[in-house]
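Before any comments, here is the structure.
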Amino acid sequence: MRLDKFLKVSRLIKRRTVANEACDAGRVSVNGNPAKASLKVKVGDIIEIAFGQKTVKVEVLSLFESVKKEDAKEMFQYL
């Protein structure tokens, strides 16, 4: 699954276009490397997102094409 789609489906970022812009601006890294929106995310990857002063670090637990709002939290684990 593409990184921008994962960020949207898991609800870490609200919209896919915003996720795309964050990747283009270099605010998202996967496994310590700056990531493009088209990067394929795998289970076990560590994603780091810089939101202004705050940084969010999560581990990918599962990949779903679509998921209910309540189940979105099961796609990742905060580190």
Counting only trypsin sites (Lys or Arg not before Pro) that sit in a DSSP loop (anything but H, G, I, E, B) with at most 15 other Cβ atoms within 10 Å, what is the longest stretch of the chain containing none of them?
43-67
Let me cross-check ILE46: its accessible surface, 1.4 Å probe, with only protein heavy atoms counted, in Å² to the nearest 10?
50 Å²
Share of accessible surface on carbon and sulfur in the chain, whole %, 1.4 Å probe and ligands ignored, is 50 percent
For Rg and Dmax of the Cα atoms in Å, one of (1) 11.1, 30; (2) 12.1, 36; (3) 28.2, 86 was computed from the structure I shared and the rest are decoys. Which label?
(1)
Along segment 54-62, what does the Karplus equation 6.51 cos²θ - 1.76 cosθ + 1.60 (θ = phi - 60°) give for ³J(HN,Hα), rounded to whole Hz, x for Gly and Pro?
9, 10, 10, 10, 9, 10, 6, 9, 7
On a full-extension model of 0.36 nm per residue, what is the gain between GLU59 and LYS73, subtracting their alpha-carbon distance, rounded to one decimal in nm?
3.9 nm
Sum -39500 (n - 2.57) across every DSSP H segment of at least 4 residues in the chain, then divide by the residue count to get the 222 nm mean residue ellipticity, nearest 500.
-5500 deg cm²/dmol
Would you mind working out the magnitude of the charge dipole of the chain relative to its Cα centre, with +1 at each Lys and Arg C-beta and -1 at each Asp and Glu C-beta, to the nearest 20 Debye?
220 debye
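The values are calculated or read from the model by the stated rules, or taken from the named source; none is laboratory data. The structure presented is a predicted model; accordingly, all values stated were derived computationally and were not measured. Cβ sites come from the backbone with ideal geometry, for glycine too, and all protein chains shown count toward neighbours. Only protein heavy atoms, including side chains, enter the accessible area calculation; ligands, DNA and RNA are left aside. Shrake-Rupley method; radii C 1.70, N 1.55, O 1.52, S 1.80 Å.
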